[in-house]
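Peer 1: Attaching a single structure in structure tokens format; questions to follow.
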Amino acid sequence: MNNTNSTVTQIIETCERLYNDLDFSYVKNWKQTHAGKAVGFMPIYVPREIVHAAGMLPVGLMGAGDLLEIIKGDAYFQSYICQIPRSTIEMAISNRLDCFDGMLFPAICDVIRNLSGMWKLMFPEKYARYMDFPQNFRPEVGGEYYHQELIILLKDMATLSGAKVTQDQLRQSVRLYNENRAVIRELYDLRSADPHLVPTYELYLIMRASNILEVSEHTAMVRDYLGAVRSEKRPERDNIRVVLSGVFCEQPPLALIRALENSGCFIVEDDWVLGARYLLKAVATEGDPLENLAAAYLKDTVKTASRYEEDGAKGSYLIDLVEKTRAEGVIFAAPSFCDPALLERPMQQEALKRADIPYTSFKYSESSGQFQVIKEQTGTFADSIKLWGSV
Amino acid sequence: MGNSSSGKVQKERSMLLQKVMIANHFKKLSTAHADNKKVVYTFVPGNLNELIRAFDMLPVHPEINALQSAMRKKSAGYIREAEKYGHSEDVCTYVKCDVGMLKSGNIGPTGEKLPEPDLLLLSYTGCFTFLKWFEILRQEYDCPVVVLQVPYQGDGEITPEMTAYVAKQLREEVVPVMEKISGNKLDEEKLRRLLDSSARAESDLVEILESARHKPSPIDAYFGGVYYIGPIFTAFRGLETCEEYYRVLRSEVEDRLKKGQGPITPEGPLNEEKYRLVVEGPPNWTSFREFWKMFHEESAVVVASSYTKVGGIYDTGFRHNSAEPFESLAKYCLGCYTNLNLPSRIDLLEKYIRDYSADGFLINSIKSCNSFSAGQLLILRELEDRTGKPGGFIESDLVDPRYFSAANIKNRLESYFQMLDSRIQEASVN
């Protein structure tokens with residue numbers, strides 16, 4: 001795929017194709033072209049640099065959205081379990097994930113954790129690893145443990161790919177992902193500065209493309225998009241500016257994302273596809289790359305519900321985001337039965353109340369088809385802020 | 001000989017002893033601060049009772065408060081109270097019950113107010129919700145929090161690195177905070193004595209649980225089991241009273257074993273053992289007696305359960321070990337049932353079905369406990385495939401009475417027992 005000098009329309013069409021392709025044609029083509037392997041991972045974050053350095057393609061999987069009818073997946077989960085594991089299982093048992101040679105299940109919640117065990121039982125021929133992340137952030141305690149975890153992951157990835165991974169290869173991968181994180185920051189900065197130039201629908205699809213595309217290709221795509229969109233003339237809108245919070249795992253359907261924007265909200269900050277933005281600063285490229293990745297994880301990351309907040313200042317990170325992006329309110333959107341997002345929400349709401357920041361909340365599922373009520377709710381939220389500055 | 005139902009709850013000496021232990025503990029808690037005792041809130045799985053007691057501090061377990069509230073029919077109100085504060089109907093009802101109780105004055109099961117914590121000891125073992133729970137409680141209390149992260153057995157084993165990580169946190173994070181809170185240096189000799197005591201009680205508990213291998217089983221390892229694990233899973237492990245409780249209980253069980261008697265239930269002794277079951281998942285607490293009665297009426301005895309392993313698995317050989325106090329505490333935390341990966345859970349349940357000669361197994365799937373529930377339908381299939389024993393599946397909740405539908409559960413159980421009956425008859429003909 002060559003994005004050079006593409007128009008916004010062409011770039012977004014490419015992203016739409018990637019988003020809609022549950023057969024992962026890009027992954028299959030990449031494997032064929034590179035004679036390589038692919039490793040899928042669940043939300044939120046895995047150190048993709050290690051998979052990449054082993055010559056494999058890391059691919060973020062975020063369920064099937066509303067693109068796939070769940071026929072067999074429901075038989076694996078009770079009605080009170082969220083949707084993402086169902087559609088992931090559905091994709092797997094309908095052979096759509098056959099192109100993945102391994103799967104990583106990062107620690108985010110008990111459902112994804114248990115899914116890792118299900119994977120081991122259901123697909124014993126495939127590599128599957130549950131990845132624990134430190135909740136202790138002292139370098140000599142949690143850092144040391146995480147460093148050990150990364151050594152194991154590197155060893156496993158080298159075995160899976162059949163290639164020896166050198167320190168230089170790791171450093172090179174870190175550099176490429178640093179570039180990608182930098183260009184994504186630029187994209188978010190532009191969206192925050194001129195939200196009418198970067199509609200959420202487009203930004204979202206570009207972020208979803210980061211799950212699939214080889215990192216350099218994605219970096220080039222974002223650069224192309226930034227170049228193209230800056231020269232576009234797009235109408236300004238009388239929308240309010242909001243931060244969207246709680247969408248870090250199971251994703252809202254694309255139509256819901258559009259509906260939010262059409263209801264009068266510029267989303268100027270969000271937490272979807274958060275893994276691509278998890279590390280806030282460039283990872284050091286001198287010295288031991290695994291130690292550098294471990295150090296980056298301990299500090300200078302986003303704050304999100306699956307990560308313990310040591311300082312106890314729950315909500316302060318969200319409030320900082322509101323201030324940084326000059327948002328006028330927060331929309332809490334959480335998948336039904338999502339423990340991390342829903343347990344986090346009352347604490348965040350309490351902090352917003354104290355800071356006098358308006359918010360509204362709703363739940364969704366990736367397969368929802370009806371958004372009228374949500375659209376009316378967020379539309380009313382937008383109107384009340386426009387009219388009275390609060391709700 | 002049929003099973004009698006007197007209406008009056010029959011109690012053995014061990015039950016009365018446990019009642020006194022609990023009453024004394026809550027009495028001590030109610031005057032803890034006046035008595036200059038420090039109070040540690042912590043969770044049951046991966047609890048560090050020996051360490052807490054080595055510092056002469058008193059533990060409070062929020063899950064125990066929640067289940068006690070449910071048994072006293074107070075949880076519905078507490079949950080409603082928490083939901084008023086924005087807690088979702090979708091999340092763990094233990095959390096909401098605890099938050100609601102706190103917002104309603106924090107009155108404990110004995111009617112006395114629980115003391116505020118001096119320390120929140122977040123033993124993050126086998127349940128993601130624990131992390132959020134103490135983040136929520138931290139908003140309410142002005143006290144330090146110390147986190148003990150216990151890595152999950154994702155690959156079905158405890159590696160030396162995992163043990164080292166937990167032990168290091170104990171030495172470098174937990175103990176220094178406890179020393180600061182309590183004002184005392186850790187007395188390692190005292191800790192070792194407590195660990196030795198734990199090991200003795202654990203051995204007695206294993207004998208009690210394994211008595212269910214006999215036919216008829218002298219115990220019910222699920223409904224009765226929750227009483228049997230009470231002291232060792234909560235505030236008493238490591239204490240002489242705990243050892244005494246298990247000595248008394250063991251002698252009661254051995255006595256029933258000798259006489260060929262079945263378990264004691266609230267409805268009276270269960271003398272006829274028709275079905276032997278293994279149960280996966282926690283019980284429902286809001287209708288605990290009614291739930292148990294459904295089994296009693298069918299002469300069904302639970303011979304092994306996974307719920308009685310959430311606060312530690314002892315029947316596969318683990319004992320607290322005073323020769324390596326911190327490593328031993330680490331291995332204990334790492335080995336709790338909900339910290340096992342799904343394949344290991346299935347292996348353990350399969351072993352129980354075989355070792356305890358079960359006729360079948362039942363999964364009580366709990367709406368608000370994803371740690372247990374996610375993956376249980378696969379557990380059902382795997383166990384049926386591996387053992388050929390029929391599995392039953394019912395759904396309820398921990399402490400939210402809105403999710404305990406007695407009629408539905410009874411219907412399902414009756415159908416399940418009919419199926420078991422026909423399987424048993426088929427087997428006897430063949």
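The values are calculated or read from the model by the stated rules, or taken from the named source; none is laboratory data. The structure presented is a predicted model; accordingly, all values stated were derived computationally and were not measured. With ideal geometry, Cβ positions are generated from the backbone for all residues, glycine too; neighbour counts draw on all protein chains shown. When the accessible area is computed, the model is the full protein with side chains, heavy atoms only, and any ligands, DNA or RNA have been set aside. Shrake-Rupley method; radii C 1.70, N 1.55, O 1.52, S 1.80 Å.
Peer 1: With a cut-off of at least 3 residues that are among the small types (G, A, S), name the helices (runs of 4 or more DSSP H) lying wholly within the stretch B:171-270. Outline the logic, then answer.
Peer 2: On the way: elements: B:175-182, B:188-210, B:223-233, B:240-259.
Answer list for the stretch B:171-270: B:188-210, B:223-233.
Peer 1: Let me ask something else. Among residues belonging to the stretch B:148-160 that are in a loop (DSSP other than H, G, I, E, B), more than 9 Å from chain A (Cβ to nearest Cβ) and open to solvent by 60 Å² or more (accessible area, probe 1.4 Å), point out the one that is farthest from B:R345 (Cα to Cα).
Peer 2: B:I158
Peer 1: Mind checking which residues of the stretch A:308-327 are open to solvent by 50 Å² or more (accessible area, probe 1.4 Å) and of a type in the set (S, T, Y)? I'd like the intermediate steps shown before the answer.
Peer 2: Just the residues of the stretch A:308-327 that are open to solvent by 50 Å² or more (accessible area, probe 1.4 Å), to begin with: A:310-311, A:317, A:320, A:323-324, A:326.
Passing the criteria: only A:Y317.
Peer 1: So, in the stretch B:168-203, how many residues would count as being within 14 Å of chain A (Cβ to nearest Cβ) and either surrounded by 19 or more Cβ atoms within 10 Å (Cβ to Cβ) or among the basic types (K, R) (or both)? So that I can check it myself, show each step before the final result.
Peer 2: Of all residues in the stretch B:168-203, those within 14 Å of chain A (Cβ to nearest Cβ) come to B:168-177.
With either surrounded by 19 or more Cβ atoms within 10 Å (Cβ to Cβ) or among the basic types (K, R) (or both) added as a condition, the list becomes B:168-171, B:174-175.
The qualifying residues number 6.
Peer 1: Scanning the stretch A:211-245 for residues that are part of a helix (DSSP H, G or I) and open to solvent by less than 10 Å² (accessible area, probe 1.4 Å), which turns out farthest from A:K28 (Cα to Cα)? Give the derivation first.
Peer 2: Looking only at the stretch A:211-245, we keep the residues that are part of a helix (DSSP H, G or I), and these are A:211-212, A:215-230.
Adding the requirement that they be open to solvent by less than 10 Å² (accessible area, probe 1.4 Å) leaves A:215, A:218-219, A:221-222, A:225-226, A:229.
Working: A:V215: 16, A:H218: 17, A:T219: 20, A:M221: 20, A:V222: 23, A:Y225: 25, A:L226: 28, A:V229: 30 Å.
Selected residue: A:V229.
Peer 1: Over 22 Å from A:R208 (Cα atoms) and either without any contact (Cβ under 8 Å) to a residue 24 or more places away in the chain or under 19 Å from the mean Cα position of the chain (by Cα) (or both): is that true of A:G312 in this structure? Reasoning before the result, please.
Peer 2: Values: over 22 Å from A:R208 (Cα atoms): yes; either without any contact (Cβ under 8 Å) to a residue 24 or more places away in the chain or under 19 Å from the mean Cα position of the chain (by Cα) (or both): yes.
Answer is yes for this residue.
Peer 1: Follow-up. Can you find a residue in the stretch A:26-35 that is among the hydrophobic types (A, V, I, L, M, F, W, C), over 17 Å from the mean Cα position of the chain (by Cα) and open to solvent by 20 Å² or more (accessible area, probe 1.4 Å)? Spell out how you get there, then give the answer.
Peer 2: Residues of the stretch A:26-35 that are among the hydrophobic types (A, V, I, L, M, F, W, C), as a first pass: A:27, A:30, A:35.
After this cut, where a residue has to be over 17 Å from the mean Cα position of the chain (by Cα) as well, the list is A:27, A:30, A:35.
Add one more test, that the residue is open to solvent by 20 Å² or more (accessible area, probe 1.4 Å), and what stays is A:30, A:35.
Yes, the stretch A:26-35 contains a residue that is among the hydrophobic types (A, V, I, L, M, F, W, C), over 17 Å from the mean Cα position of the chain (by Cα) and open to solvent by 20 Å² or more (accessible area, probe 1.4 Å).
Peer 1: Further question: Restricting the search to the stretch A:100-128, which residues are out of contact with any strand residue (DSSP E or B) (no Cβ under 8 Å at 6 or more places or on another chain) and either of a type in the set (S, T, Y) or more than 25 Å from A:K31 (Cα to Cα) (or both)?
Peer 2: Hits for the stretch A:100-128 are A:I108, A:C109, A:D110, A:V111, A:N114, A:M118, A:L121.
Peer 1: Still on this model: Quick check on this structure: which one of B:T163, B:T125, B:T129 is in contact (Cβ under 8 Å) with a residue 24 or more places away in the chain, farther than 28 Å from A:A313 by Cβ, open to solvent by less than 30 Å² (accessible area, probe 1.4 Å) and within 14 Å of chain A (Cβ to nearest Cβ)? Step through it out loud before you land on a result.
Peer 2: Working: B:T125 fails: farther than 28 Å from A:A313 by Cβ; B:T129 fails: farther than 28 Å from A:A313 by Cβ.
Sole residue among the options that is in contact (Cβ under 8 Å) with a residue 24 or more places away in the chain, farther than 28 Å from A:A313 by Cβ, open to solvent by less than 30 Å² (accessible area, probe 1.4 Å) and within 14 Å of chain A (Cβ to nearest Cβ): B:T163.
Peer 1: Go over the candidates B:I64, B:I79 one by one and state the one that is open to solvent by 20 Å² or more (accessible area, probe 1.4 Å), in contact (Cβ under 8 Å) with a residue 24 or more places away in the chain, part of a helix (DSSP H, G or I) and on the phi < 0 side of the Ramachandran plot. If you could, list the steps in order and put the result at the bottom.
Peer 2: Details: B:I79 fails: open to solvent by 20 Å² or more (accessible area, probe 1.4 Å).
Answer to the check: B:I64.
Peer 1: Going by the structure shown, is A:K303 under 26 Å from A:R185 (Cβ atoms), charged (D, E, K, R) and under 18 Å from the mean Cα position of the chain (by Cα)? Working first, answer last.
Peer 2: Working: under 26 Å from A:R185 (Cβ atoms): yes; charged (D, E, K, R): yes; under 18 Å from the mean Cα position of the chain (by Cα): yes.
Judged against the criteria, A:K303 is a match.
Peer 1: Same structure, new question: Filter the stretch A:344-373 down to the residues that are of a type in the set (A, V, I, L, M) and either touching a residue at least 60 places away in the same chain (Cβ under 8 Å) or outside any loop (DSSP other than H, G, I, E, B) (or both) and list them by number.
Peer 2: Within the stretch A:344-373, A:M347, A:A351, A:L352, A:V373 meet the criteria.
Peer 1: Another one. Among the numbered criteria (1) open to solvent by less than 40 Å² (accessible area, probe 1.4 Å); (2) assigned to a loop (DSSP other than H, G, I, E, B), which one does A:A276 miss?
Peer 2: Of the numbered conditions (1) open to solvent by less than 40 Å² (accessible area, probe 1.4 Å); (2) assigned to a loop (DSSP other than H, G, I, E, B), the odd one out for A:A276 is (2).
Peer 1: Give me a count of the residues in the stretch A:308-341 that are out of contact with any helix residue (DSSP H, G or I) (no Cβ under 9 Å at 6 or more places or on another chain) and within 11 Å of chain B (Cβ to nearest Cβ).
Peer 2: Qualifying residue count, the stretch A:308-341: 3.
Peer 1: Six or more apart or on different chains, Cβ atoms under 7 Å: show the pairs whose first residue is in the stretch A:189-213 and of a type in the set (A, V, I, L, M) and whose second is modelled with pLDDT of 95 or more and assigned to a loop (DSSP other than H, G, I, E, B).
Peer 2: Pairs found: A:L190/A:L197; A:L190/A:V198; A:M207/A:W272; A:M207/A:V273.
Peer 1: So which residues in the stretch A:64-85 are open to solvent by 10 Å² or more (accessible area, probe 1.4 Å) and either closer than 19 Å to A:R129 by Cα or within 13 Å of chain B (Cβ to nearest Cβ) (or both)? Give the derivation first.
Peer 2: At the first step, the residues of the stretch A:64-85 found to be open to solvent by 10 Å² or more (accessible area, probe 1.4 Å) are A:65-72, A:74-76, A:79-80, A:82-83.
Answer for the stretch A:64-85, where residues must be open to solvent by 10 Å² or more (accessible area, probe 1.4 Å) and either closer than 19 Å to A:R129 by Cα or within 13 Å of chain B (Cβ to nearest Cβ) (or both): A:K72, A:D74, A:A75, A:Y76, A:S79, A:Y80, A:C82, A:Q83.
Peer 1: Which residues, counting only those in the stretch B:100-114, are open to solvent by less than 10 Å² (accessible area, probe 1.4 Å) and touching a residue at least 40 places away in the same chain (Cβ under 8 Å)?
Peer 2: Selection gives B:G108, B:L114.
Peer 1: Taking helices (runs of 4 or more DSSP H) that fall entirely within the stretch B:341-414, which contain at least 1 residues that are more than 11 Å from chain A (Cβ to nearest Cβ)? Let's see the steps before the verdict.
Peer 2: Details: elements: B:342-355, B:370-373, B:376-387.
Ranges flagged: B:342-355, B:376-387.
Peer 1: Among the residues of the stretch A:134-157, is there at least one that is under 25 Å from A:I81 (Cβ atoms), more than 7 Å from every other protein chain (Cβ to nearest Cβ) and either of a type outside the set (S, T, N, Q) or surrounded by fewer than 23 Cβ atoms within 10 Å (Cβ to Cβ) (or both)? Explain how you work it out, then say what you get.
Peer 2: At the first step, the residues of the stretch A:134-157 found to be under 25 Å from A:I81 (Cβ atoms) are A:135.
Filter once more, so that each one left must be more than 7 Å from every other protein chain (Cβ to nearest Cβ): none.
Checking the stretch A:134-157: not a single residue is under 25 Å from A:I81 (Cβ atoms), more than 7 Å from every other protein chain (Cβ to nearest Cβ) and either of a type outside the set (S, T, N, Q) or surrounded by fewer than 23 Cβ atoms within 10 Å (Cβ to Cβ) (or both).
Peer 1: Something else: If you check every pair at least six apart or on different chains, which have Cβ atoms under 6 Å apart with a residue in the stretch B:191-211 that is closer than 18 Å to B:L329 by Cβ and modelled with pLDDT of 95 or more first and a residue that is among the hydroxyl-bearing types (S, T, Y) and surrounded by fewer than 22 Cβ atoms within 10 Å (Cβ to Cβ) second?
Peer 2: The qualifying pairs are B:R192/B:S322; B:L195/B:S322; B:D196/B:S322.
Peer 1: Among the residues of the stretch B:150-172, which ones are under 14 Å from B:E327 (Cβ atoms) and within 24 Å of the chain's Cα centre (by Cα)?
Peer 2: Residues satisfying the conditions are B:V150, B:I158, B:M162, B:T163, B:V166, B:A167, B:L170.
Peer 1: Does B:L329 fit the bill of being in contact (Cβ under 8 Å) with a residue 60 or more places away in the chain and more than 9 Å from chain A (Cβ to nearest Cβ)? Before the answer, list the steps.
Peer 2: Working: in contact (Cβ under 8 Å) with a residue 60 or more places away in the chain: yes; more than 9 Å from chain A (Cβ to nearest Cβ): yes.
Answer is yes for this residue.
Peer 1: Pull out all pairs, ordered by first then second residue, where Cβ-Cβ is under 8 Å, the residues are six or more apart or on different chains, the first lies in the stretch A:328-343 and is crowded, with 24+ Cβ neighbours inside 10 Å, and the second is β-branched (V, I, T) and assigned to a helix (DSSP H, G or I).
Peer 2: So the pair list comes out as A:V330/A:V322; A:I331/A:T378; A:P335/A:I84; A:D339/A:V111; A:D339/B:T129; A:L343/B:V95; A:L343/B:T129; A:L343/B:I136.
Peer 1: Got a number for residues in the stretch B:132-144 being at the interface with chain A (Cβ under 8 Å from one of its Cβ atoms) and within 23 Å of B:G312 (Cα to Cα)? Even if it seems obvious, please write down each step before you answer.
Peer 2: Narrowing the stretch B:132-144 to residues at the interface with chain A (Cβ under 8 Å from one of its Cβ atoms): B:132-133, B:135-136, B:138-139.
Pick out the ones that are also within 23 Å of B:G312 (Cα to Cα) and you get B:132-133.
Of the residues in the stretch B:132-144, 2 are at the interface with chain A (Cβ under 8 Å from one of its Cβ atoms) and within 23 Å of B:G312 (Cα to Cα).
Peer 1: Here is a further query. For residues that are within 7 Å of another protein chain (Cβ to nearest Cβ) and not aromatic (F, W, Y), scanning just the stretch A:116-133, find the one that is farthest from A:D311 (Cα to Cα).
Peer 2: Here the residue is A:L121.
Peer 1: OK, next. Find the residue count for the stretch B:1-37, including only residues that are modelled with pLDDT of 80 or more, part of a loop (DSSP other than H, G, I, E, B), of a type outside the set (V, I, T) and closer than 23 Å to B:E112 by Cβ. Please lay out each step first, then the result.
Peer 2: The first filter runs over the stretch B:1-37 and keeps only residues modelled with pLDDT of 80 or more, leaving B:12-37.
Now restrict to residues that are part of a loop (DSSP other than H, G, I, E, B): B:12, B:31-37.
Among the residues that remain, those that are also of a type outside the set (V, I, T) are: B:12, B:32-37.
Next cut, closer than 23 Å to B:E112 by Cβ only: B:32-37.
Total meeting the criteria: 6.
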